[in-house]
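One structure below.
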Amino acid sequence: MEIKIALAGNPNSGKTTLFNALTGSRQYVGNWPGVTVEKKEGRLKGYDDVIIQDLPGIYSLSPYTLEEVVSRSYLVNEKPDAILNIVDGTNIERNLYLTTQLIEIGIPVVVAVNMIDLVRRNGDEIDLAALSEKLGCRVVEISALKNEGSQEAAKLAVEAAQQKRAGEMPRVFNGPVEHAIAHIEESLQDQVPATNLRWYAVKVFERDEKILSELRLDAATAADIEQHIVDCEKQLDDDAESIITNQRYAYIASVVEKGVKKKAAKHALSASDKIDQIVTSRVLGLPIFAVVMFLIYAIAMGGWSISIGTAATDFTNDVIFGEWVPGLFDTILGAVGVTEGSVLYGLIQDGIVAGVGAVLGFVPQMLVLFLLLAILEDIGYMARVAFVMDRIFRHFGLSGKSFIPMLVATGCGIPGIMASRTIEQDRDRKMTVMTTTFMPCGAKMPIIGLIAGALFNESAWVAASAYFIGMASIIISGIMLKKFKMFAGEPSPFVMELPSYHVPSVGNVLRATWERGWSFIKRAGSVILVSSIIIWFLSSFGTVNGQFGMVDNLWEDESVATEEYVESVAARMGISADEAAPMDDSILAGIGNTISPIFKPLGFGSWKPTVATITGLVAKEEVVGTFGVLYNYDDQGGEDELGENGEQLWDRVAEDFSPIAAFAFMVFNLLCAPCFAAMGAIKREMNNAKWTLGAIGYMCLWAYVCAFITYNVAGVAVGQVAFGPGTVIGIALIALIIYLLVRRGYVPEEGTKAVTSVAAAAAAAN
Amino acid sequence: MLPLSMATPGEKQTIRKITGKDEVRQHLAELGFVVDSDIMVVSEVGGNLIVQVKDSRVALNRDMANRIMV
């Protein structure tokens with residue numbers, strides 16, 4: 001018989017460390033059904049039949065966050081055999097709040113008081129026997145970080161599960177409250193399982209909407225119960241929920257008084273507080289933050305000698321996916337008789353290896369970025385970042401918690417979009433998902449490099465302007481969208497616990513890095529694989545002189561690609577016969593030609609940049625690779641391999657583009673729909689087809705407007721484009737944006753409630 | 001009674017009242033913000049506060065701090 005033990009506790013109580021210590025590498029990470037909350041389970045070391053279910057870190061079992069909802073429905077409906085409740089010994093009063101709720105569920109509970117080493121160092125004493133007696137369950141002390149007592153605590157939980165009997169419930173409530181709850185219990189006892197009776201009764205007393213709709217009480221019972229609640233509220237002159245909260249804290253105070261002896265005077269400034277006085281101060285907060293961010297950027301993505309991430313990614317791109325893997329596949333394909341030029345060879349080498357390799361090349365850089373962010377998170381600095389940035393973000397309608405997704409998105413949009421999960425309010429979360437990929441990610445760097453090199457003398461201002469455009473887009477979008485009804489309202493008030501600073505644990509940091517890296521590889525890998533194959537097919541196949549097939553092979557056959565035919569292709573494409581290439585006949589070129597007029601007003605309405613933009617949807621760095629193919633750069637014919645920023649193409653690109661058109665092209669590609677993998681992530685987080693389309697549509701529209709203004713208005717300003725109707729429309733668009741920014745937006749009625757992520761998830765499920 | 005945002009940093013206070021009735025108030029309660037509980041402002045940045053309540057540090061923005069009366 002398998003035993004299931006649920007691991008529950010407050011955020012920052014050391015739950016992840018304990019879970020890792022108990023299960024080692026035998027973990028499975030997934031999602032709770034229907035919501036984007038991470039679900040982790042693992043097998044207890046030394047017990048093959050014991051599964052530890054890690055619940056999200058929660059402060060209580062109220063229904064206000066998605067984490068709380070999944071936790072309580074798991075505990076009540078799935079009925080694990082025991083609950084191992086981890087409690088932060090240095091903050092025992094607050095942590096026991098959840099404990100009292102867990103005990104009410106009626107499942108055997110074992111309480112593990114964590115950070116006992118810190119408790120001792122503070123000179124405090126915790127009387128385990130007294131706590132155990134008051135709470136009616138086993139209480140042990142552990143230090144998860146030092147792996148002291150963790151296994152014993154798990155063993156006790158297994159024993160408790162085998163005995164299948166919860167201890168006697170502590171008497172948390174008293175007076176009229178206990179009276180009312182006892183009465184509710186009586187009314188409910190035929191409807192709910194006997195073990196959960198107290199839990200349901202307390203929740204009904206609190207008028208918990210989710211529980212009430214689940215129970216569907218008949219009108220008479222409901223009215224009778226309501227009368228008891230109202231009587232109690234009148235007697236105590238408070239609302240039911242507050243009554244319960246207050247009595248819980250009063251009970252906990254009595255438990256702590258008996259079980260905990262505090263030595264240090266309360267309210268002394270700890271070392272952590274002193275650090276906070278500097279790190280979050282008005283004067284130094286932002287500069288310190290800027291320095292930290294610069295260091296992360298320098299190490300993960302910069303082009304200096306300390307930039308480990310860039311070096312690793314260059315190596316992966318140039319050597320592993322540039323030589324080793326294609327070489328290996330060459331050997332394998334040669335051995336099984338697949339020759340170069342055949343369809344299968346093209347599919348594998350040019351389609352799959354080149355496409356997937358392009359994305360996997362970013363993995364080392366991502367891992368370095370994730371590692372640095374995991375360290376900052378483990379130290380406790382990330383919570384401070386959100387706090388410091390909240391002051392600024394609030395001005396344009398976002399909460400400070402939106403900053404972390406945007407920060408991560410400078411590396412890669414996919415984890416950036418996923419990082420939006422920590423935002424409680426649904427509309428803030430959606431807005432963050434919609435705008436976060438405006439930040440130039442690592443894969444957009446080669447586009448910037450190509451344009452800067454080809455037309456702007458490699459000026460560093462191009463890259464700087466790209467970041468500026470990204471950030472300005474987020475800010476302007478934030479302010480504009482906030483004025484529409486669906487996003488209107490203040491960002492949720494900022495309330496966030498700041499964990500004490502501590503030295504990061506190597507195990508936790510590495511594990512967090514790997515988990516994020518792996519989910520990046522999985523997501524990118526699967527989406528990119530499919531889209532690479534499609535793009536490869538579209539660019540390799542086409543009709544040459546009436547014959548359909550692989551264009552490369554058909555062109556080599558001079559009876560098909562006759563001289564007159566080549567000249568006709570060249571004439572159609574507006575190039576000389578020498579420049580005509582097989583790809584000009586591909587399906588993709590046909591698509592490019594058909595839709596390129598859309599981009600005419602942006603200054604780059606020829607088929608080459610159009611096709612490059614389409615391939616950019618697979619992965620943004622493909623844009624440069626596509627230019628390589630379209631501008632006939634042949635890296636096999638004696639020339640050097642195409643550089644990362646397409647250095648060898650610069651002259652050819654420069655002939656085709658005016659600087660302002662190239663800049664407009666860059667603006668469009670930076671801001672338009674992200675790659676397919678990121679769109680997949682958006683769909684997952686939105687959990688709704690309409691919102692996904694809306695988000696992607698908004699990005700494309702915004703990109704189009706910005707590129708339009710760049711070409712038609714900025715172009716006239718710098719004297720590269722003649723004044724024309726486009727300029728007038730461009731100026732009108734600027735006026736429209738300014739209007740949308742300053743207009744008095746929709747003001748929600750006083751008292752309307754903001755939709756929380758919980759309500760949104762419930763609505764999506766129905 | 002005065003709002004927490006006006007309290008002197010470093011001085012121990014007692015929560016007298018939490019105004020408003022919504023989900024945020026319940027969330028505050030779960031974090032330890034309840035009437036009669038001790039509270040101290042650790043630092044203040046442009047109206048946003050870091051406070052100590054029940055042995056933990058919690059960051060609050062100004063709107064939130066204005067709802068807590070000490």
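Quick notes on this one:
- In the stretch A:42-57, the count of residues that are surrounded by 23 or more Cβ atoms within 10 Å (Cβ to Cβ) and within 14 Å of another protein chain (Cβ to nearest Cβ) is zero.
- Of the helices (runs of 4 or more DSSP H) lying entirely inside the stretch A:338-455, the ones with 1 or more residues being closer than 23 Å to A:V667 by Cα and within 15 Å of the chain's Cα centre (by Cα) are found at A:403-409, A:413-418, A:426-435.
- Any hit, the stretch A:239-260, residues being over 30 Å from A:F370 (Cβ atoms) and out of contact with any helix residue (DSSP H, G or I) (no Cβ under 9 Å at 6 or more places or on another chain): yes
- Pairs meeting the criteria (first residue in the stretch A:67-82 and closer than 11 Å to A:I105 by Cβ, second residue open to solvent by 40 Å² or more (accessible area, probe 1.4 Å) and of a type outside the set (F, W, Y), beta carbons under 6 Å, at least 6 apart or on different chains) are A:P80/A:K4.
- Cross-chain or 6+ apart pairs with Cβ under 7 Å, the stretch B:6-28 first and of a type in the set (S, T, Y), then in a strand (DSSP E or B): B:T14/B:D38; B:T19/B:M69
- In the stretch A:586-625, the residues that are polar (S, T, N, Q), surrounded by fewer than 24 Cβ atoms within 10 Å (Cβ to Cβ) and within 21 Å of A:L554 (Cα to Cα): A:N593
- Tally, over the stretch A:721-755, of residues that are open to solvent by less than 70 Å² (accessible area, probe 1.4 Å) and modelled with pLDDT of 65 or more: 15
- Looking across the stretch A:209-227, the residues that are away from chain B (no Cβ under 14 Å), charged (D, E, K, R) and part of a helix (DSSP H, G or I) come down to A:E214, A:D224, A:E226.
- Each residue in the stretch A:93-115 was checked for being open to solvent by 10 Å² or more (accessible area, probe 1.4 Å), more than 10 Å from every other protein chain (Cβ to nearest Cβ) and within 22 Å of A:K263 (Cβ to Cβ), and 1 of them qualify.
- Within the stretch A:335-373, if we keep just the residues that are free of Cβ contacts under 8 Å to residues at least 12 places away in the same chain and small (G, A, S), the residue that is surrounded by the most Cβ atoms within 10 Å (Cβ to Cβ) turns out to be A:S342.
- Test: residue in the stretch A:337-352 that is within 30 Å of A:L538 (Cβ to Cβ), touching a Pro at 6+ places or on another chain (Cβ under 9 Å) and at pLDDT below 85: yes
- Hits in the stretch B:43-70 - residues which are at the interface with chain A (Cβ under 8 Å from one of its Cβ atoms), outside any loop (DSSP other than H, G, I, E, B), open to solvent by 10 Å² or more (accessible area, probe 1.4 Å) and not polar (S, T, N, Q): B:R57, B:D63
- All positions within the stretch A:270-320 that are among the small types (G, A, S) and touching a residue at least 12 places away in the same chain (Cβ under 8 Å): A:S270, A:A271, A:S272, A:G285, A:A300, A:G309, A:A312
- Across the stretch B:26-42, the number of residues qualifying as more than 8 Å from chain A (Cβ to nearest Cβ) and either open to solvent by less than 40 Å² (accessible area, probe 1.4 Å) or farther than 13 Å from A:Y249 by Cα (or both) comes to 3.
- Of the set (1) over 25 Å from A:S242 (Cα atoms); (2) among the polar types (S, T, N, Q); (3) open to solvent by less than 20 Å² (accessible area, probe 1.4 Å), all apply to A:T90 but (3).
- Among the residues making up the stretch A:509-539, those that are at pLDDT 85 or above and open to solvent by less than 40 Å² (accessible area, probe 1.4 Å) are A:V509, A:T513, A:L538.
- Search result, residues across the stretch A:153-171 that are assigned to a helix (DSSP H, G or I) and surrounded by 14 or more Cβ atoms within 10 Å (Cβ to Cβ): A:A153, A:A154, A:K155, A:L156, A:A157, A:V158, A:A160, A:A161
- Only one of the numbered conditions (1) more than 8 Å from chain A (Cβ to nearest Cβ); (2) closer than 27 Å to A:S13 by Cβ; (3) in contact with a helix residue (DSSP H, G or I) (Cβ under 8 Å, 6 or more places away or on another chain) is violated by B:S5, and that is (2).
One line per residue, one yes/no per condition, for (1) under 26 Å from A:I5 (Cβ atoms); (2) among the basic types (K, R); (3) open to solvent by less than 10 Å² (accessible area, probe 1.4 Å):
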{"site": "A:N174", "(1), (2), (3)": "no, no, no"}
{"site": "A:A194", "(1), (2), (3)": "yes, no, no"}
{"site": "A:L197", "(1), (2), (3)": "yes, no, no"}
{"site": "A:V204", "(1), (2), (3)": "no, no, yes"}
{"site": "A:R216", "(1), (2), (3)": "no, yes, no"}
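- Some residue of the stretch A:172-179 being within 24 Å of A:Y74 (Cβ to Cβ) and either of a type in the set (A, V, I, L, M, F, W, C) or outside any helix (DSSP H, G or I) (or both): yes
- Residue within the stretch A:228-249 that is among the acidic types (D, E), within 11 Å of chain B (Cβ to nearest Cβ), free of Cβ contacts under 8 Å to residues at least 24 places away in the same chain and in contact with a strand residue (DSSP E or B) (Cβ under 8 Å, 6 or more places away or on another chain) present: no
- None of A:I275, A:I244 is out of contact with any Lys or Arg (no Cβ under 7 Å at 6 or more places or on another chain) and open to solvent by less than 30 Å² (accessible area, probe 1.4 Å) except A:I244.
- Counted residues, the stretch A:689-722 - those being in contact with a helix residue (DSSP H, G or I) (Cβ under 6 Å, 6 or more places away or on another chain) and not in a helix (DSSP H, G or I): 2
- Within the stretch A:421-443, restricting attention to residues that are at pLDDT below 85 and among the polar types (S, T, N, Q), the residue that is surrounded by the fewest Cβ atoms within 10 Å (Cβ to Cβ) is A:T422.
- Condition met for A:S187 (open to solvent by 20 Å² or more (accessible area, probe 1.4 Å), farther than 30 Å from A:L7 by Cβ and hydroxyl-bearing (S, T, Y)): yes
- Residues in the stretch A:279-296 that are open to solvent by 40 Å² or more (accessible area, probe 1.4 Å) and within 12 Å of another protein chain (Cβ to nearest Cβ): A:R282, A:V283, A:L284, A:L286.
- Yes/no for A:V172 being over 38 Å from the mean Cα position of the chain (by Cα), of a type in the set (A, V, I, L, M, F, W, C) and over 15 Å from A:A222 (Cβ atoms): yes
- Evaluation of A:P499 against (1) open to solvent by 30 Å² or more (accessible area, probe 1.4 Å); (2) within 14 Å of chain B (Cβ to nearest Cβ) (one fails), failing number: (1)
The values are calculated or read from the model by the stated rules, or taken from the named source; none is laboratory data. Since the model is a prediction, treat every value here as computed from it, not as a measurement. When we count neighbours, we look across all protein chains shown, and the Cβ atoms used for this are built from the backbone with ideal geometry, even at glycine. The protein model used for the area step is the full one, side chains on, heavy atoms only, and it has no ligands, DNA or RNA in it. Shrake-Rupley method; radii C 1.70, N 1.55, O 1.52, S 1.80 Å.
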